[in-house]
Structure formats: structure tokens, C-alpha cells
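What follows is a set of notes on a single structure, which appears directly below.
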Amino acid sequence: MNLQPTQSSVDRETPVRYREVRIGSAPARVRRDGDVWYMESAAMPGNYPQRLTDRLASGARAHPDRWLVARRGANGEWQGISYAQMLQRARAIGQALLERNLSAERPVAILSGNDLEHMMIALGAMWAGVPYAPISPAYSLVSSDFGKLRHTLDVLTPGLVFATDASAFAAAIDATVAADVEVVASTGCCARPVTKLSALLDTTPITVDAAHEAIDPDSIAKFLFTSGSTTLPKAVPTTHRMLCSNQQMLRETFPEFADEPPVLVDWLPWNHTFGGSHNAGIALYNGGTLYIDDGKPVGKKFEETLRNLREIAPTIYFNVPKGWEELTSALETDAKLRETFFSRVKVYFFAGAGLSQAAWDRLQQVTERFCGERIRIMAGLGMTETSPSCLFTTLPAKAAGYVGVPAPGCEVKLVPIGDKLEARFRGPHVMRGYWRMDGAATGKSFDDEGYYCSGDALKFVDPQQPELGLMFDGRIAEDFKLSSGTFVSVGPMRARVISAGAPYVQDVVVSGLNCDDVGLLVFPRLDDCRRLAQLPSSASASEVVSAPAVRQFFVELLDRLNRESTGGATTIARMRLLDVAPSLDLGEITDKGSINQRAVLTHRAELVQALHDPIQRDPAVIYAPHVQT
């Protein structure tokens, strides 16, 4: 996951008061060997447990009645599972899984999303030493051909498949799950026998505690699939050592977690490393509580998030930039929301994309207005293969794209690739290789010093002071050359357009390989564009993108962007607003919303060709004034 922060341009001369919070501040140590740079934190992580589930056991002893996880029930009331209750259920489920002879070769696959049952199955599997794999619900519920679901199950060869509601996942199960694989569900049915979750919970623990004691740090806790933003999803064997060491790195970065058990209100999906390893792990590792948020920053679903935040006050809040923008708007007008949300939150953290300058400033302003102080906004850089965290913005951010300095225990290597520096990572939190990929394929992901080659490009905030940290500089594989031989750096351009185009730009794809100039395919935020054009909610996407007010905004955006350009590689000659959303089945988008640039360019090749046609002007395209045909 790319976590790209930005910094308010309002760095006032008068002192700014921030809400008190303990943040790690160890400096980075930097050395250079020829053209290669090495960075690491001056601090080292403290001791961490052998198994992540050791934290469940210690929590059950220290605070047995504290909720580990809670979710709003059908009656509107919060229903929670305490640490002691979760340990009891994990032991029972773990015993049932052992009796089914499950293993890394026949793991548990979880199809459904974030809920109490999912957490019980996950911790039961980990307690028994049986790996589990949370699979994107979109592969079952959104996809029409189940292609990615079939791929993930082929990689895993699960011995048991779980879905909280079998009826909701019946079509996907019937189409992809082998006939000899047991299906377990809490409710519902499908066209095959279904074992009830209650049967697993009724199992008497006999040998499972001994199995738990036999788990070593390099035992696989779970398989997490990469997002598939560049290739088909790959399975990352995530060990207990990876999870525990990374959580300790987080605790060194946020000592506040040791002072006050964190309370999270979170919707981020557990099939992704940010929601499932980072956020859920923070609650478990630090004796905190995770309130499952069934809302998300999409359409009217965010109303559920606001409902939850009016009742539950988080100590640290995580969201994607769109979520922060929606929350900021609500905080400006909703007194009850402000009263609860601001009561104890100490850190804002965002992920997935860059927070625009306007959104950053607006969030700071509403916080300062109603709190009388600011709250620290943080981000970093991580990925599935590093479980996930590598860099954090513990130093003050100075510019858009700042991703900070290495977390304690993470070694960073920067290697020249063309005119960029590729980020490579080494440490106890880094995987050893992908699951069921041949050695040659996995070997390409590591260099001769054992560093994982991320494919992300980074650069120094200040080359004269490298210890100040790093900036995100795009994905190396996305960059291309124009016909002039000029390299176009896609990542920074994409971030610049999304930030400048807020709130009307959802994402962009940069085109121009072997062409004379740069073009953009723009996925607009249709709801915001409808409001801009004063169109009804029933207006089609085609009507929205052709509305005069919308086109005028993008004409002006193109002009603003080009006034700031520094040459052909940063000048945008043409753009087209897309009225067809990116396709999950075609691999154009992942379920967490990441755009696969290559897939969009491939599947929309005719649009790209028309965009760059040197003779025929396309009336749907917005051209910069200097473009001649």
C-alpha cells in the first residue's frame, strides 16, 4: 500500500499547539556505498512475542472482560467479544480445525468480510497453527466471472472454506469450491452441505493448547493476497514473526499505544494488509478494542460511519483520503459528531493515496477551530510483503508525497534504476518468498543482499540532508518514454493531478508511450461532478462528463497543471473524462480501489489511440491550447 502524506502550507510563524501524544522520534542513520544508499532507524525494536496469539492469551489474563472486537447488531446495539471469550472460542474452533487435519497445504479460506465470526475463525486457526487466508469479498460478490476467486483458491487448495452467510456466497461457492472441501457458515445455505459454525464452537479443546505451544515464529499465521494492481494476486505467507515484529515496530513508532490501549473504529478490509494486519493487529497487540465499522466512504454508506463515530470515540483514526474529506465535511456541521470524535483522538492516519493540500488544510482548520489545537496527521509506506509497515512520518512532513524515515528494525536500501531510486527492504517483518511460486520467480523479488525489491521509487526530501527522510516517487514499472526519449514519471504526475483536481477526480491513468506528448484518462468522482453541474442523481455518467460545468472545470484544471509544468515530461497535452467505471473482472481496479494503469491502457486501447490521434480531433477530448493537429 502506498501511504502518501502531504503537509499544510500554513506553517505559521506563531507557535502551533498540538494535542499531546507520544510519537517515536529516533533519527535515521544514513550511509552511502557508491550509488547505493542505506538507511535505518537509530532505534531498535524491543522484544516481541513468539506468536501473535500470545497477545490474546495475555489479554485474557490481564483484562478478561475488555472487548477485543465489537460490531453493531441487527437491533442497533453494539455486540462485543471480550478477550476471555475470544480465547475460549479460539481454542474450541482451533481444536475443530486440528481434527480436520488442516495445514498450510490445506488452509482455511475466509470469503466473507469484517465481522465477529471472521475474527473468531481467524484467531481459532492461528491458535491451532493452521494458516488462514482472508479473500476479498468482492471476488465473490462483485465479480461476474469469479476469475480472481478461482485463482486464489487454486493457489491455496483450501481444506475448509468459511463464509458467515452461506446464502450470500452460494453462487461463488458453487462455482469455485471443490466438491470435497468442507463449507462452514454461521447462517444460510447453498447447494451443498454446510457445517454450522456453532458445531465448531461446541468442540471441546483437548490437544489444541499443545499445538499452540508448538508454533514457532516462522510458522505461517495467514496468507494475504497482494492487491493484483499489476499482476494476478500473489499469496504472501505471513508468519508470526513478521506480524509480531511489525507490531513492535509500530509500538516503538507510537509509544502512545503502551500508555493507553488503542480504540479503533475501522472499516478497512481484513483481506488487505492495512486493515487486517496493521489495524486489527494494533488492537490485539496493545490490548485495545476494534469496533467494526460497516460503513465506508462510498455513496450513502458513509452515513453508517458517522453514526458509529457519534457513539464511539477512537484514540487513533485511520481512513483513506476520501474518507477524511467526507469526515471533515461532517465535522463542520455535526456538533454531536464533534463532541464524540474529538474527545480523545490523538492521531489521524491516512492511507491508499495522497491527501490533497486543500483537504489537509481544511481538516486542520476544523480541528483547530473546535479543539483549540491541532492533531498530528501521519502516514508512511508499507506493503503486503512487509506485513506491512516500513516507513513512518515521525518527522514533520514538509511536502506532498513525504513517507518519512525507517521504522525501528526496518533496513532500507535505495538502488538506482534508470534515473530513479528503487526502495528495497530487509528485516524480520519481510516475507521470504511468495507461496507456491517457483524459486526463480520469487528470486527476482530479492537482491543479492536479501532485500525485497518493492518496485516503489523514493527520493530524498533534501539530498543535502538525507536523514530528513524520503518522498514517494511513483512505481518504476509505470514510467515510460515519449517519442522524444523523455521519461515520464507517472506516480508524481498522477498524485499532482488527483490533488489539484479534488474533489472531482477519483483517479487518472497516464498515457503517451512512444507518443509525442502526455495524455490522461480521468475517472471522475461522479457524485461530486453531478453536484457541480447541478444535475439530478438520476443523471447518467455520460451526461455528467459532458455537462458544460464539468468540462469547464477540467479545461481550467488542465490549464492550471500546465502552468506549473517544467517541460514535456510534466506537460499534459490532452485528457478524456471516462464514463465507464474501471472493471474488477478485467483487472482495471482492485477491490480496495487501486487502479491498474497497465490494464486500463490495455483494455481501453481504442480510447488511448483516439486520445493521441495526431490528425483527427476527438470531440470528447479536452486539449491543451498548444496542441495542434
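In table form, for the structure just shown:
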| read-out | value |
| --- | --- |
| Failed condition for Ala495, given (1) touching a helix residue (DSSP H, G or I) at 6+ places or on another chain (Cβ under 9 Å); (2) in a helix (DSSP H, G or I); (3) more than 18 Å from Glu385 (Cβ to Cβ) | (1) |
| Count - residues of segment 406-448 that are of a type in the set (A, V, I, L, M), under 30 Å from Ile23 (Cα atoms) and in contact (Cβ under 8 Å) with a residue 60 or more places away in the chain | 7 |
| Filtered residues of segment 293-319 (kept if charged (D, E, K, R) and at pLDDT below 95) | Lys296, Lys300, Lys301 |
| Top-ranked residue of segment 352-387 - restricted to ones that are part of a helix (DSSP H, G or I) and among the aliphatic types (A, V, I, L, M), ranked as modelled with the lowest pLDDT | Ala358 |
| For Phe425: the one exception among (1) surrounded by 21 or more Cβ atoms within 10 Å (Cβ to Cβ); (2) more than 26 Å from the chain's Cα centre (by Cα) | (2) |
| Any hit, segment 485-508, residues being surrounded by fewer than 16 Cβ atoms within 10 Å (Cβ to Cβ), hydroxyl-bearing (Ser, Thr, Tyr) and more than 25 Å from Phe302 (Cα to Cα) | yes |
| Subset of segment 167-186 (residues that are assigned to a strand (DSSP E or B), small (Gly, Ala, Ser) and free of Cβ contacts under 8 Å to residues at least 24 places away in the same chain) | Ala185 |
| Set Asp145, Asp154, Asp165: member being surrounded by fewer than 22 Cβ atoms within 10 Å (Cβ to Cβ) and touching a strand residue (DSSP E or B) at 6+ places or on another chain (Cβ under 8 Å) | Asp165 |
| Enumeration of residues in segment 549-569 that are outside any helix (DSSP H, G or I) and out of contact with any Asp or Glu (no Cβ under 8 Å at 6 or more places or on another chain) | Glu564, Ser565, Thr566, Gly567, Ala569 |
| Selection within segment 584-601 - surrounded by 16 or more Cβ atoms within 10 Å (Cβ to Cβ) and either free of Cβ contacts under 8 Å to residues at least 60 places away in the same chain or under 14 Å from Val488 (Cβ atoms) (or both) | Glu588, Ile589, Gln597, Ala599, Leu601 |
| Meets criteria (surrounded by 20 or more Cβ atoms within 10 Å (Cβ to Cβ), touching an Asp or Glu at 6+ places or on another chain (Cβ under 6 Å), at pLDDT 95 or above and over 15 Å from Leu224 (Cα atoms)) for Ser186 | yes |
| Of all residues in segment 298-335 being over 24 Å from Glu260 (Cα atoms) and basic (Lys, Arg), the one that is surrounded by the most Cβ atoms within 10 Å (Cβ to Cβ) | Lys322 |
| Residues of segment 126-148 satisfying the condition of being of a type in the set (A, V, I, L, M, F, W, C) and touching a residue at least 40 places away in the same chain (Cβ under 8 Å) | Met126, Trp127, Ala128, Ala133, Ile135, Ala138, Val142 |
| Criterion (in the same structural domain as Leu363 (by TED's automatic domain parsing) and either in contact with a Lys or Arg (Cβ under 8 Å, 6 or more places away or on another chain) or among the polar types (S, T, N, Q) (or both)) met by exactly one of Pro314, Pro255, Pro321 | Pro314 |
| Segment 449-464 residues that are within 8 Å of Glu422 (Cβ to Cβ), paired with ones that are among the basic types (Lys, Arg) and modelled with pLDDT of 95 or more (beta carbon under 6 Å, 6 or more apart) | Cys453/Arg424 |
| So Gly450, is it part of a strand (DSSP E or B) and either of a type in the set (A, V, I, L, M) or on the phi > 0 side of the Ramachandran plot (or both) | no |
| Output for segment 522-579, where each listed residue is β-branched (Val, Ile, Thr), within 28 Å of the chain's Cα centre (by Cα) and modelled with pLDDT under 95 | Thr570 |
| Test: residue in segment 228-238 that is under 18 Å from Leu156 (Cβ atoms) and touching a Pro at 6+ places or on another chain (Cβ under 9 Å) | yes |
| 3 or more residues under 30 Å from Ala42 (Cα atoms): qualifying strands (runs of 3 or more DSSP E) within segment 246-351 | 316-319, 347-350 |
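The values are calculated or read from the model by the stated rules, or taken from the named source; none is laboratory data. None of the values given here were measured: they were computed from a predicted structure. Neighbour counts are summed over all protein chains in view; Cβ atoms, including those assigned to glycine, are modelled from backbone coordinates with ideal geometry.
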